[in-house]
Structure formats: structure tokens, C-alpha cells
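No lab work stands behind these numbers, since they all come straight from the coordinates. The shown structure was predicted, so the numbers you read here are calculated from the model rather than taken from an experiment. As a convention, Cβ positions derive from the backbone with ideal geometry for all residues, glycine included, and neighbour counts pool all protein chains shown.
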Amino acid sequence: MPTLKRFSVQGTAVGGEQSIQLDEISILAEPDTLRALGEFLINAANEMALNGREHVHLQEVIEDFSHERHVDFIALNRALILPA
């Protein structure tokens, strides 16, 4: 795996609204779901690089998104958004 540039992860607790910085994340999912999330991140990165997108929500690009069954991933373009 290549060296990664600096990045950070923020999140909110279930039912919460305040964003906090996280040290680590764990994703409990089937392998096909993990692959789909990876595909989402790759596509979001391409949108940011090619079209200057500021951010991309998972909930906007999958057909059956449900707040009861899924967690929204929001990919943020560090070149356009300053860290909190």
C-alpha cells in the first residue's frame, strides 16, 4: 500500500448532531458491502479530482439508502474544505 497523505475522520454518535474527531473507525459489513464502500470512495475521489466537487454523500449515490440500515459516508475534498 502506498504512503497516505494526512487525513482525519470525523463522525457523530447515533442520534447525535455534534461532530467529533475519531482516532479509528470499524466497519462491520459483508465483503461485498466493503467493496461497494471502496468503490464509492474511489468514485468520489475521481469526482473531486476531475470536477472539483467539494464533497460527495454515499446516501446520494446508492439506490436503497436507509438511515435505519446504513451509515452515510461523506467524502470531503481537503483541497476545498479546511479541517475543523
Quiz item: Order of 19, 66, 26 from fewest to most other C-beta atoms within 10 Å?
Solution: 26, 66, 19
Quiz item: Looking at the range 8-49, which GluC sites (Glu not before Pro) are in a loop (DSSP not H, G, I, E or B) and have at most 15 other Cβ atoms within 10 Å?
Solution: 17, 24
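Taking the Cα centre of the chain as origin, sum charge times position over the Cβ atoms of Lys and Arg (+1) and Asp and Glu (-1), and report the length of that vector in debye to the nearest 20.
Working: 6 positive and 13 negative charges, 101 e Å.
Taking the Cα centre of the chain as origin, the dipole is about 480 debye.
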Quiz item: What ³J(HN,Hα) values, in whole Hz, does the Karplus curve 6.51 cos²θ - 1.76 cosθ + 1.60 give for the range 56-70 when θ = phi - 60°, with x put for Gly and Pro?
Solution: 9, 9, 4, 4, 8, 10, 10, 5, 10, 4, 9, 5, 7, 10, 10
Quiz item: For the range 1-57, which trypsin sites (Lys or Arg not before Pro) are in a loop by DSSP, counting at most 12 other Cβ atoms within 10 Å?
Solution: 5, 6
Self-check item: Mean separation of Cα contacts under 8 Å, 6 or more apart, over the residue count of the range 9-76: relative contact order %
Solution: 21
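Would you mind ranking 7, 65 so that the residue whose beta carbon has the fewest other beta carbons within 10 Å leads the list? The partial results should precede the final answer.
Details: 7 8, 65 14.
Listed from fewest to most nearby Cβ atoms, that is 7, 65.
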Quiz item: Using a ≥ b ≥ c from the Cα gyration tensor of the chain (square roots of the eigenvalues), is it rounded, prolate or oblate, where a/c under 1.5 gives rounded and otherwise the larger of a/b and b/c decides, a/b for prolate?
Solution: rounded
Quiz prompt | Fluctuation leader among 25, 42, 74 - the chain, Gaussian network, Cα springs under 10 angstrom | solution = 25
Quiz item: Which Cα, out of 51, 3, 40, lies furthest along the positive dipole direction of the chain (beta carbon charges, K/R +1, D/E -1)?
Solution: 3
